[in-house]
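Encoded as structure tokens, here's the structure I'll be asking about.
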Amino acid sequence: MSDTPIDPSKRTWIITSACAGAVGGVATAVPFVSTFQPSEKAKAAGAAVEVDIAALQPGEKVTVEWRGKPVWIIKRSPEQVAELPSLDGQLADPKSERKPSELTPEYARNEHRSIKPEIMVAVGICTHLGCSPVDKLQPGPQPSLPDDWKGGFLCPCHGSTFDMAGRVFKNKPAPDNLEVPPHMYLSETKLLIGEDKA
């Protein structure tokens, strides 16, 4: 080791340069690392949506947006709920057994695909190519629908039809039932779309 003393001004210059370099490195790293964080817009897009359904009457539908998707909330009439089991033989997946974890939460794997029989909650996007089906809620003969139509939805793009529980009919282009998003009731009249854990 050399016995030559280090010039104090050189030492100060080295320390100052090292500190400036460290500050510059941190200043460069922070914006880079922050790009891995979701943006405020992305956070908002994935946030749960609270919906008040107190005013919803039987046969009425409201649409809310969750994660950029339309989510339909429909209050089915007692007659519409009663009709659901009679359609099982005409449906491709009446019990939502295909892709259940992906498209249908555990609590919606039933005849009405919902927590409460009268309230349907479904993503309004066809499982074929992502078109949005149109309401055909009134029963009876209509263009592009069978004469014994009980009410439901028609995808105008390729003709897939869904019943009042969002279940797809057999021999249609759509491979699966409409998605049921995670949801839960905060009260008798308030729904939270996007979360289902207390």
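Could you give P(r) for segment 77-122, binned at 5 Å from zero, as whole percent values over all Cα-Cα pairs?
5, 23, 29, 27, 13, 3
To continue, here is another question. Segment 50-183: percent of C-alpha pairs farther apart than 26 Å?
Values: 1063 of 8911 pairs.
Percentage above 26 Å: 12.
Moving on to the next point. How large is Rg over Rh for segment 125-198, taking Rg from the Cα atoms and Rh as the Kirkwood inverse mean of 1/r across Cα pairs?
1.07
If you average over every viewing direction, what projected area does the convex hull of the Cα atoms of segment 43-110 give, in nm²?
Answer in nm², one decimal: 6.0.
May I pose another question? List the aspartates and glutamates whose Cα lies under 15 Å from the Cα of Lys197, skipping any in the same chain that are fewer than 8 positions away.
Glu50, Glu106
May I ask you to list the aspartates and glutamates whose Cα is less than 12 Å away from that of Lys69, ignoring any residue fewer than eight positions away on the same chain?
Glu179
Pop out the ³J(HN,Hα) list for segment 159-169 in order, Karplus 6.51 cos²θ - 1.76 cosθ + 1.60 with θ = phi - 60°, rounded to Hz; leave Gly and Pro as x.
Result, ordered by residue: x, 5, 10, 10, 7, 6, 10, x, 8, 7, 6 Hz.
Every number here is computed from the coordinates shown, using simple stated rules; none is lab data. As the structure is a computational prediction, the values presented were derived from the model and not from experiment.
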